[in-house]
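Below you'll find the structure, written out as structure tokens, and then a few comments.
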Amino acid sequence: MPDFPLPPPLPASPLPDLDKAGLLPLWEQMLTIRRVEEMAAKAYTERKILGFCHLYIGQESVAVGAAAACRPEDRWVTGYREHGQAMAKGVPPRAMMAELFGKRTGAAHGLGGSMHIFDQSVHFMGGYGIVGAQCALGTGVAWSLKHLRTGAVCLTWFGDGAANQGAFFESMCLAQLYRLPVVFVCENNLYAMGTSVERSSALTDMSLRGLGVGMMREQIDGFDVENVRHRMGAAIEYARAGQGPVIVEVVTYRHRGHSMSDPAKYRKPGELEEKKKSSDPTVITELRLRELGATEAELAAIRERVEVVAKDAYEFADASPPPDPADLYRYTYAPART
């Protein structure tokens, strides 16, 4: 039998620590995602957003920290809780909100909606509605990146529920076999829809699944944006250097239900309130900024800018025109080549 040693731990982060000037933009980005998502919740109750709507509130530090560790050319492929990820990768709040509204000015011209945001200009390669299917798509993107020798890495995002899907296991096998430049990012927010991770999996650290194929793995605290940036930086540079894929489980927590139609009554009494007090990523980062010398005036100015951006995104989406019916089938097939 061939030798199959366990992979060593990920190396230290290649990124320098952030000072106040470096951390302030990350906090502003997290607050922007939070407020835009709150405006999306408002729009949903007003029936301006229809269908499914899965909010990212509570998980902002994960996407923002990962984006701070990426290069612009790196690709992201994800599932349907992708509003915050899209904005962290560079999709403008206006375009993101307009897509939720189903408007022509949306990132996917109003044809994708909440679960299918896509913006090739910032290499956000889409949110997908089939649980676990994005893992196969991200592996395919990584195959392309390797063979085109781009030097880019693909971050493939999924939740703890998707870590039990067959497509996820098959994707890990191929990615490890061909040493593809992909980082599998499992956002473990402790619930797959309404089922807690303890009730759906014998393993509660999803990164351990990578050991079955000899893949580099790590479980990290996702509530501190600085920690996410450092550890994702280590994973991304490992994959970029051609050493093979990495699976990172980021422990996080969503403050809302699975979707806007979910009252989340499956949580234990007091659980949500305790989590908000102990692990709200925006509060953790604000406290850190105060330690670094951020003034009340600096923090207040950021909050004011965030409010303007969130309200502008809502008003822009509300005033935008619907898609042109003539475009209904335009993106179904690629144009014929002559």
query: Is at least one residue of region 217-233 small (Gly, Ala, Ser), touching a Pro at 6+ places or on another chain (Cβ under 7 Å), surrounded by 14 or more Cβ atoms within 10 Å (Cβ to Cβ) and touching a residue at least 12 places away in the same chain (Cβ under 8 Å)?
result: yes
Subset of region 214-245 (residues that are out of contact with any Lys or Arg (no Cβ under 6 Å at 6 or more places or on another chain) and more than 22 Å from Leu18 (Cβ to Cβ)): Gly214, Met215, Met216, Arg217, Gln219, Ala239, Ala241, Gly242, Gln243, Pro245
task: Considering every residue within region 212-219, establish whether at least one is at pLDDT 95 or above, of a type in the set (Asp, Glu) and closer than 28 Å to Cys53 by Cβ.
output: no
- prompt: Is it the case that region 249-267 has a residue that's over 17 Å from Gln59 (Cα atoms) and among the aromatic types (Phe, Trp, Tyr)?
  reply: yes
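Yes or no, residue by residue, for (1) of a type in the set (Gly, Ala, Ser); (2) part of a loop (DSSP other than H, G, I, E, B); (3) surrounded by fewer than 15 Cβ atoms within 10 Å (Cβ to Cβ):
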site: Leu6; (1), (2), (3): no, yes, yes
site: Leu10; (1), (2), (3): no, yes, no
site: Ile33; (1), (2), (3): no, no, no
site: Ile49; (1), (2), (3): no, yes, no
site: Leu55; (1), (2), (3): no, yes, no
- prompt: What single numbered condition from (1) in contact with a helix residue (DSSP H, G or I) (Cβ under 8 Å, 6 or more places away or on another chain); (2) crowded, with 20+ Cβ neighbours inside 10 Å; (3) assigned to a helix (DSSP H, G or I) fails to hold for Ala95?
  reply: (1)
Any chance Arg290 is surrounded by 11 or more Cβ atoms within 10 Å (Cβ to Cβ), free of Cβ contacts under 8 Å to residues at least 12 places away in the same chain and out of contact with any strand residue (DSSP E or B) (no Cβ under 7 Å at 6 or more places or on another chain): yes
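The values are calculated or read from the model by the stated rules, or taken from the named source; none is laboratory data. These figures come from a predicted structure and were not determined experimentally. All Cβ positions, glycine included, derive from the backbone under ideal geometry; neighbour counts span all protein chains shown.
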